[in-house]
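Structure first, commentary second.
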Amino acid sequence: MTKKGIKPRTLDHLQDFGCTIPALILILMFTYFPILKLIQISFTNWNLLNDHYDYVGLKNWKWLFTGSGRKYLVNSLKVTFLYSAGELTITLFGGLVLALIFNTMHKGFSALRAIVFMPKYVAMSSAAVIFLWILNTDNGVLNYFITRLGGRRVDWLGQSSTAMISILMLTGWRAIGYGMIVYLAAIRSIPKDYYEAADLDGASYWTKLRGITLPMLSPTTLFLFVTTFISSMKVFQSVDVMTGGGPNRSTEVFVYQIYSYAMEDFRMDRASVMALAFFILLLVITASTMKLSNGRVNYDT
Amino acid sequence: MKKRGERVFCALLVVSLCVSGMFAGGTKEAPVKQQEIPKVDASKYEVTKPIEITWWHALENQYSDLVDEIVNDFNNSQDKIKVKAEYIGNYATVNETLVAAQVAGTGLPALVVANTPYVAQYGASGLCEDLNPYIQATGFDINDFGEGMIKASAYEGKQVSLPFLISTQIMYYNKDMAKAKGIEIPTKFKDMNEFLSKVTEFNADGSTKVWGTIVPGWDQWYFETFFLNNGVNIINPDGISTDFGGKASIETTKEIGDWIKKGYAYFAVGKDGSSIMRQTFIDQKAFSVIHTSSLYNTYVNLCKNFEVGMAWLPATDTKKQEIGGCVLLIPAKNDQQTKNAAWQFLSYLCSKEVNMKWAEGTGYMPTRKSVLETQEGKDFLAKKPAFKAIFDNLDNIYPRIQNKNWNQLAKIWMNYLSEFYNNGKDIDTGIPQMTEEINEVLED
């Protein structure tokens, strides 16, 4: 310790902190300031086209939870969770299955792996336009094959019962390769010793999968679950291009509804309460998932 | 044929002379109140130095040659203003881009198109420049547009925009099929059911082989005319409630539902609803379709195997239809030099001669009354005889309903219609719910 002044350790800490200040300023400006602004707008009657607004207290919150907004909030929650469940199933289950297949038969399969992963690099908006063509009722490739097989044309994007499935087809096409690659990397990092020991005990493929592979993949599964869940809850582009939230609001996911209130109805006040409700919901679910997974995830290597 | 053409032309002339009746408003209100404008200093609106301005439009690739020709003609006609035309996307995309630029306060175009329902919202928010001083300073002849069009592009007496590419709802039908079946398009809404039963063809399994008509389930605009003519006040005169819960509205909703339930009419929805509708008609799997008159050229060009007819939508004692298409406006946040240049270009785009180029090159209607009195008007009708259905009813084309909450109302209405017709939701249960929601939006 110096006789007077700051301890060298404290000085080090201050210097370290000083290095983070530029990043902190950016985070405050572009993350926390917009959140604070959003909270402020949720108590106003701001119409996006107007330069001025008035404070209206809890009016927008009441509209969302007890007024006509509740019906659409519930609908968008239902639709978003349905979409999330679909994307999680495709990414986690589909990705795992493909990873197991490609891991078992790895000779000459690198090209196939690349092909499966490649759609991830195609921009969502471009992919959505291609799928619009694939799913077109009259001239789409999918209906062409269905009719060739003796089936009837399906109005994929025009019916409530098939619109969500259509969006999930696009999602699956893009996301399954990502799940596969992440799982494949994780599978290859599992020590071979475990499998050799299991082989000596005469364990079957399924026993090894259940007893070694799946438990050892649990951190990867948790990582994929959380990241896929958050990204799936924020789905927008595919819905915007392919269905515009329709038909009958059957694909009106949360973010699309926020966008619609703000940019179509110009109701920035309503959009902001929806956005805040969404923010809180995501925060709670993610925190709960992390909390619940404690002790259930195996981090051994 | 020539005599018939002359008769049509005379009829047009009579219509054009009935200035006071033409394009009359949606209600029996007093004529548009033009804002009291103090004398303006014309020099304030002159373009004094060279300037480059941007025009945002929604005219797709198929019209790019026409856009280039018109813009180049303007650029070559004077040496102070250079216009750059930019295709932004459809009307919804233009709206989003414009609103984003308006909120940011930068990147605004000098001149922009806007779909007619946006006029009220833009006008109420002060987004648009009041054009009245410019009109007065330059002596622009606005009265040549007709009262309905002026009203459709104004907000509370302020001329916040000018009519640009104007259309209306229309029924396109297969003329050859109509001739073969000996069928006339009905003029009354109550006769639609019988008419559709005659023109619809079914397969042996009961599925529809040839649809009687296709109704566009992606835009409530096409339904407005049926409801208005059946006496429904989509927005009551008080401005804060709707008449959707009334008997007339329920009956009209059920009647259209009946056409769909019986397999006479196809309710086209989804992002490709429009293309499905068009293709079904082209393939002669639909006797008729209800669509915008602006697509006349497209339908005629694509339907090679039969003649396309246009008919006014079946109505009641009233034959109201509404203005569609777009207006032109100048964002008020621009600087005065940009606004002055934009006005010069705007008045050129809306001039009688240029308007005729638009009308001939696209499917939009001529907007100038004086055109009807000229040889150009006569030639136009000779080239596009199906437009007689529109020209005969010019005084039945009304402005859009103006309300700053219109978009929200329209979305709620369209979604309920979609639930009734596509998902089988009970109309008697759904209409009160819809009415309550719309009233809440209007009161807010």
Wholly inside the range B:122-194, helices (runs of 4 or more DSSP H) that include 3 or more residues that are in contact with an Asp or Glu (Cβ under 7 Å, 6 or more places away or on another chain), in the same structural domain as B:W406 (by TED's automatic domain parsing) and at pLDDT 90 or above are none
Flag if B:I256 is in a helix (DSSP H, G or I), buried (at least 17 other Cβ atoms within 10 Å of the Cβ) and within 14 Å of chain A (Cβ to nearest Cβ): no
Residue set B:Q433, B:Q402; condition polar (S, T, N, Q) and over 17 Å from the mean Cα position of the chain (by Cα); output residue B:Q433
Of all strands (runs of 3 or more DSSP E) fully inside the range B:263-323, the set with 2 or more residues that are within 18 Å of the chain's Cα centre (by Cα) is B:288-292, B:308-311
So is A:L100 within 14 Å of chain B (Cβ to nearest Cβ), assigned to a helix (DSSP H, G or I) and among the aliphatic types (A, V, I, L, M) or not?
-> no
Taking the range A:255-298 and keeping residues surrounded by 15 or more Cβ atoms within 10 Å (Cβ to Cβ), under 17 Å from A:I41 (Cα atoms) and aliphatic (A, V, I, L, M) leaves A:I258, A:A262, A:M263, A:M268, A:A271, A:V273, A:M274, A:A275, A:L276, A:A277
Original post:
Just a yes or no: is a residue in the range A:133-140 in a helix (DSSP H, G or I), within 29 Å of A:S232 (Cα to Cα) and assigned by TED's automatic domain parsing to the domain that holds A:F229?
Top reply: yes
Every listed condition ((1) in contact with a helix residue (DSSP H, G or I) (Cβ under 7 Å, 6 or more places away or on another chain); (2) assigned to a helix (DSSP H, G or I); (3) not assigned by TED's automatic domain parsing to the domain that holds A:F279) holds for A:N50 save (2)
* Can you confirm whether the range B:332-352 contains a residue that is acidic (D, E), surrounded by fewer than 19 Cβ atoms within 10 Å (Cβ to Cβ) and not assigned by TED's automatic domain parsing to the domain that holds B:G257? => yes
For the range B:86-106, pairs from a residue that is more than 8 Å from chain A (Cβ to nearest Cβ) to a residue that is of a type in the set (G, A, S) and assigned to a helix (DSSP H, G or I), with Cβ under 9 Å and 6 or more apart or across chains, are B:Y87/B:S64
TODO: Could you tell me whether any residue of the range A:155-174 is aliphatic (A, V, I, L, M) and over 27 Å from the mean Cα position of the chain (by Cα)?
DONE: no
The number of residues in the range A:46-58 that are within 12 Å of another protein chain (Cβ to nearest Cβ) and surrounded by fewer than 18 Cβ atoms within 10 Å (Cβ to Cβ) is 5
The condition of being within 14 Å of another protein chain (Cβ to nearest Cβ), of a type in the set (D, E) and surrounded by 19 or more Cβ atoms within 10 Å (Cβ to Cβ) holds, among A:D138, A:D155, only for A:D155
The residue from B:K151, B:K80 that alone is surrounded by 20 or more Cβ atoms within 10 Å (Cβ to Cβ), of a type in the set (D, E, K, R) and touching a Pro at 6+ places or on another chain (Cβ under 6 Å) is B:K151
If you go through A:I230, A:I258, the only one that is more than 10 Å from chain B (Cβ to nearest Cβ) and modelled with pLDDT under 90 is A:I230
Just one listed residue, out of A:S160, A:S126, is under 26 Å from A:Y256 (Cβ atoms) and within 14 Å of another protein chain (Cβ to nearest Cβ), and it is A:S160
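The values are calculated or read from the model by the stated rules, or taken from the named source; none is laboratory data. Computed from a prediction, not measured in an experiment: that's the story for all the values here. With ideal geometry, Cβ positions are generated from the backbone for all residues, glycine too; neighbour counts draw on all protein chains shown.
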